[in-house]
């Protein structure tokens, strides 16, 4: 089934500070939307609104025309945020069934690259990059048509960054992704739609040139790319 996530006129403020102003865009099944922006521009605020943990001051979120409410949003949208939320004192082997009781579903995780080498290790004893990779795998394989990924490449070893990109492309057929990460080259590499958040608004971009022209990249960063 094809799904369409529609974000319409989302605005939000913290006190007198306006964070988001009339934000709107669409993400469909098959889209990998790259969301760029400097710290404090409102990216994480927007993702929390989409996931339903924060209510916007105004605006609406719809999937296939149906307005999402907090009690159904999490059934439609998965979210792997920057913080590790996995239980730390049990092994990887025992964490996976908590998310996937069915054995066939578990195999999608167990047979992912690198998991065999860590499955007997307690989650808390994994490196931060390994924990973030495991958390990513668990979230993207849940039965959600849309997935939000906040900094999926940060603090992750290069070999896992490439696997993450491969997994996103593999599941792109049946899911829509919204990704934000300061490893902007990795996001540019896989994004089918690219949006820059600046001054609380959305600006469509195409490449590093556009990111530099809009002030997201410095002249030095763009020159080194």
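I want to confirm something. Restricting to the range 52-62 and keeping residues that are surrounded by fewer than 20 Cβ atoms within 10 Å (Cβ to Cβ) and in contact (Cβ under 8 Å) with a residue 40 or more places away in the chain, which single residue is nearest to residue 151 (Cα to Cα)? Explain how you work it out, then say what you get.
Step one: filter the range 52-62 for residues surrounded by fewer than 20 Cβ atoms within 10 Å (Cβ to Cβ), giving 52-55, 57-60, 62.
Those still in the list that are in contact (Cβ under 8 Å) with a residue 40 or more places away in the chain too: 54, 57-60, 62.
Working: 54: 19, 57: 25, 58: 26, 59: 25, 60: 25, 62: 24 Å.
Only one residue fits best here, namely 54.
Might you let me know whether the range 25-36 holds any residue that is over 14 Å from residue 178 (Cβ atoms) and in contact with a strand residue (DSSP E or B) (Cβ under 9 Å, 6 or more places away or on another chain)? Before you say what the answer is, go through the steps one by one.
Taking the range 25-36 first, the residues over 14 Å from residue 178 (Cβ atoms) are none.
Looking through the range 25-36, none of the residues is over 14 Å from residue 178 (Cβ atoms) and in contact with a strand residue (DSSP E or B) (Cβ under 9 Å, 6 or more places away or on another chain).
Pairing each residue of the range 1-12 that is without any contact (Cβ under 8 Å) to a residue 40 or more places away in the chain with any residue that is assigned to a loop (DSSP other than H, G, I, E, B) and surrounded by fewer than 20 Cβ atoms within 10 Å (Cβ to Cβ), provided the two are 6+ apart or on different chains, yields C-beta distances under 7 Å for 2/29.
Scoring residue 159 on the criteria (1) modelled with pLDDT of 95 or more; (2) in a helix (DSSP H, G or I) leaves a single failure, condition (1).
Can you go through 11, 44 and tell me which one is part of a strand (DSSP E or B), modelled with pLDDT of 90 or more, out of contact with any helix residue (DSSP H, G or I) (no Cβ under 8 Å at 6 or more places or on another chain) and surrounded by fewer than 21 Cβ atoms within 10 Å (Cβ to Cβ)?
On the way: 44 fails: part of a strand (DSSP E or B).
After ruling out the rest, the residue left standing is 11.
Applying the condition of being more than 23 Å from the chain's Cα centre (by Cα) and touching a residue at least 24 places away in the same chain (Cβ under 8 Å) to the range 93-120 and asking which residue is surrounded by the fewest Cβ atoms within 10 Å (Cβ to Cβ) yields 120.
So, residue 222, is that one at pLDDT below 95, out of contact with any strand residue (DSSP E or B) (no Cβ under 7 Å at 6 or more places or on another chain) and either surrounded by fewer than 20 Cβ atoms within 10 Å (Cβ to Cβ) or in a helix (DSSP H, G or I) (or both) or not? Outline the logic, then answer.
On the way: at pLDDT below 95: yes; out of contact with any strand residue (DSSP E or B) (no Cβ under 7 Å at 6 or more places or on another chain): yes; either surrounded by fewer than 20 Cβ atoms within 10 Å (Cβ to Cβ) or in a helix (DSSP H, G or I) (or both): yes.
For residue 222, the condition - at pLDDT below 95, out of contact with any strand residue (DSSP E or B) (no Cβ under 7 Å at 6 or more places or on another chain) and either surrounded by fewer than 20 Cβ atoms within 10 Å (Cβ to Cβ) or in a helix (DSSP H, G or I) (or both) - is met.
Residues in the range 126-155 that are touching a residue at least 40 places away in the same chain (Cβ under 8 Å), assigned to a loop (DSSP other than H, G, I, E, B) and either out of contact with any helix residue (DSSP H, G or I) (no Cβ under 8 Å at 6 or more places or on another chain) or more than 18 Å from residue 106 (Cα to Cα) (or both): 145, 151, 152, 154. Among the residues examined, residue 27 qualifies as surrounded by 18 or more Cβ atoms within 10 Å (Cβ to Cβ) and either farther than 26 Å from residue 184 by Cβ or modelled with pLDDT of 95 or more (or both).
The values are calculated or read from the model by the stated rules, or taken from the named source; none is laboratory data. Values in this document were obtained by computation on a predicted structure and should not be read as measured data. When we count neighbours, we look across all protein chains shown, and the Cβ atoms used for this are built from the backbone with ideal geometry, even at glycine.
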